[in-house]
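Right, one structure below, let's go through it.
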Amino acid sequence: MRYNEPSPLEQMIISYRFDLPNPASIDTYLANDGYVAIKKVLGMTPEAIIDELKVSSLRGRGGAGFPTGMKWSFVPRNTGKPTYVICNSDESEPGTCKDRLLMENDPHQLIEGMLIAGWTIKSNKGYIFIRGEYRYLIDIVDRAIAEAYQRGYLGKNILGSGWDFDLYTHTGAGAYECGEESALLESLEGKRGIPRLKPPFPAVVGAFQSPTILNNCETYSAIPWIFRNGGAAYAALGTPKNGGTRLVCVSGHVNKPGVYELPMGFNLLRIVNEVCGGVRNGKKLKAIIPGGSSSPVLRADECDIPYDFDSLAKAKTMAGSGGVVVLDEDTDIVAVALRTIKFYAHESCGWCIPCREGTNWLKKILSRYHEGFGDESDIDLIAELANNMLGRTFCALGDAAAMPTAGFVAKFRNEFEDYLKKSPRFQPAPELAVV
């Protein structure tokens with residue numbers, strides 16, 4: 001089941017089974033197009049599969065938005081090493097809750113997508129890496145995996161193809177850092193979840209030092225539809241280079257928060273006003289964080305844009321993980337900036353100095369500032385610290401902390417200046433005597 005009423009504006013292709021009775025069951029899946037795509041794919045070459053994915057314009061739904069077909073094409077075959085298929089279901093980005101629904105309501109769709117990836121690179125083993133707080137979802141996915149084994153969709157000689165594929169769930173320990181692909185692989189291998197130096201990239205040296213496909217849960221879940229209906233049909237649902245649909249997680253100050261499946265390129269303001277019923281309590285829109293807490297904020301006057309990777313990049317922000325956080329006119333932006341940086345300071349793995357030190361210094365300065373003890377120089381210092389972190393860390397967590405912080409200062413500097421008036425240090429300018 002879903003946790004919000006569906007919108008008539010949705011284009012449901014990966015979420016349409018959510019409202020069916022017992023949607024996680026293999027019988028429900030088989031009665032509604034389930035495991036049709038893998039039967040077709042078993043007669044295709046890896047090259048043909050990758051070409052179809054390229055035609056679809058499917059891009060990674062975990063945050064980076066990298067073209068999926070291109071990513072799969074980087075995986076070398078016939079190296080003599082085993083190959084692996086990994087699903088990133090860590091989903092720890094604040095504001096994001098879509099992968100949870102996919103695993104809870106349609107785990108077989110995810111399994112089928114991973115099967116297609118496994119056949120493409122001739123892998124015999126896959127793992128679904130699930131965040132530790134999603135314990136109940138591991139039980140659901142494990143039941144689905146057991147059903148797939150019983151029906152011959154996993155295990156030995158799948159559908160008489162002569163190909164074997166085993167699939168396992170693996171739980172993380174709730175570390176945000178393990179959403180980064182190389183830190184996820186370290187955790188999967190039983191080591192501390194810290195990022196690896198890249199290159200080499202996981203496609204070549206991934207799980208257990210072997211070639212690996214690693215994609216997000218939503219990405220895999222879209223793949224069966226593509227091979228049932230064709231890459232061109234999927235591409236046509238979205239905008240150029242941004243094919244298909246997106247599960248958009250809308251939270252914050254809206255009347256109808258929830259997870260909605262919308263065509264890529266759907267207007268961001270329409271998501272708030274038409275899909276989600278507008279800003280709650282009749283308030284005005286102040287800002288939107290469009291892609292989870294790591295994406296730079298957009299002011300209300302910047303939000304009339306298509307919701308896709310390229311349009312948001314042009315606006316100097318990101319579609320990210322699909323977490324749309326709506327802020328009304330009464331929102332304290334300095335408090336939002338502080339709450340955001342507290343999260344990233346807590347979740348930094350500490351492996352590199354710019355992130356370990358930078359996030360804590362930003363937290364200290366913003367805490368002091370929020371408590372009314374700021375100084376005018378702090379505004380520029382916050383922006384300078386954030387900008388000096390960008391591009392200087394082992395992984396993107398440093399950028400994820402720096403980009404929104406710099407964005408809050410740049411877009412709402414007036415609010416930071418207003419905070420100075422609350423400070424005990426503030427002295428109003430003396431009135432000049434009129435001569």
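What follows is calculated from the coordinates using simple rules that are stated; it is not laboratory data. Model, not experiment: these values are computed from the prediction. For neighbour counting, all protein chains shown are included, and Cβ atoms are generated from backbone atoms with ideal geometry for every residue, glycine included.
Residues in region 279-309, backbone N under 17 Å from the label point at residue 241 (7 Å along the Cα-to-beta-carbon vector): list them, ranges by number please.
Once the point is set 7 Å along Cα→Cβ of residue 241, 306-309 turn out to lie under 17 Å by backbone N, inside region 279-309.
Give me 205, 279 ranked fewest to most by other Cβ atoms within 10 Å of their Cβ, as a rough exposure proxy.
Listing 205, 279 from fewest to most nearby Cβ atoms yields 205, 279.
At what distance in nm do the modelled label points of residue 140 and residue 166 sit from each other, each positioned 7 Å from its Cα along Cα→Cβ?
So the label points at residue 140 and residue 166 sit 2.7 nm apart.
Taking H placed 1.01 Å from N in the peptide plane, check which residues at least 5 places from residue 128 or on another chain put their amide H under 5 Å from its amide H.
87, 168, 169, 170
At 7 Å along the Cα-to-beta-carbon direction for both residue 150 and residue 387, put a label point, then send me their distance in nm to one decimal.
Roughly 6.1 nm, to one decimal.
What's the lysine pair count for region 1-146 at a Cα cut-off below 20 Å, pairs eight or more apart or interchain?
So the count works out to 11.
Could you list, in their original order, any pairs among 364/422; 284/363; 283/411; 283/314; 241/286 whose Cα atoms are separated by more than 24 Å?
Beyond 24 Å: 284/363; 283/314; 241/286.
Can you compute the helix-only [θ] at 222 nm over the chain? Use -39500 (n - 2.57) per DSSP H run of at least 4 residues, normalise by all residues, nearest 500 deg cm²/dmol.
Mean residue ellipticity, 222 nm, calculated: -11500 deg cm²/dmol.
Taking 0.36 nm per residue of sequence separation and subtracting the Cα-Cα distance, how much length would be gained by fully extending the chain between residue 204 and residue 364, in nm to one decimal?
Gain on extension, residue 204 to residue 364, equals 53.6 nm.
PRE reach from residue 417 (point 7 Å along Cα→Cβ): which of region 322-363 fall under 19 Å by backbone N?
Residues passing the 19 Å test: 332-335.
Filter the DSSP H helices in the chain by two things, a Kyte-Doolittle mean of at least 0.5 and an axial alpha-carbon span of 18 angstrom or more, and list the hits by number.
Flagged H segments are 107-121, 333-347, 397-411.
Once label points are set 7 Å from the Cα along Cα→Cβ at both residue 346 and residue 232, what is their separation, rounded to one decimal in nm?
Result for the modelled spin labels: 5.1 nm.
Any idea what the dipole of region 333-422 comes to, in debye rounded to 20, about its Cα centre with Lys/Arg Cβ at +1 and Asp/Glu Cβ at -1?
260 debye
To the nearest 20 Debye, how big is the dipole of the chain about its Cα centre, given +1 on the beta carbon of each Lys and Arg and -1 on that of each Asp and Glu?
Approximately 760 debye in magnitude.
Convert each backbone phi in region 34-41 into a coupling constant with the Karplus relation 6.51 cos²θ - 1.76 cosθ + 1.60 (shift: θ = phi - 60°), then list the ³J(HN,Hα) values in order as whole Hz, x for Gly and Pro.
Karplus-based 3J(HN,Hα) across region 34-41 equals x, 6, 7, 5, 5, 4, 5, 5 Hz.
³J(HN,Hα) across region 122-128 via Karplus (A = 6.51, B = -1.76, C = 1.60, θ = phi - 60°), whole Hz, x for Gly/Pro?
6, 8, 10, 8, x, 9, 9
Just 360, 157, 242 to compare: in a GNM of the chain, with alpha carbon springs under 10 Å, which one fluctuates most?
The residue with the greatest mean-square fluctuation here is 157.
Fewest to most neighbouring Cβ within 10 Å: what's the order for 19, 51?
19, 51
For a quick check: sort 381, 167 by the number of other beta carbons within 10 angstrom, fewest at the front.
By the 10 Å Cβ count, ascending, the order reads 381, 167.
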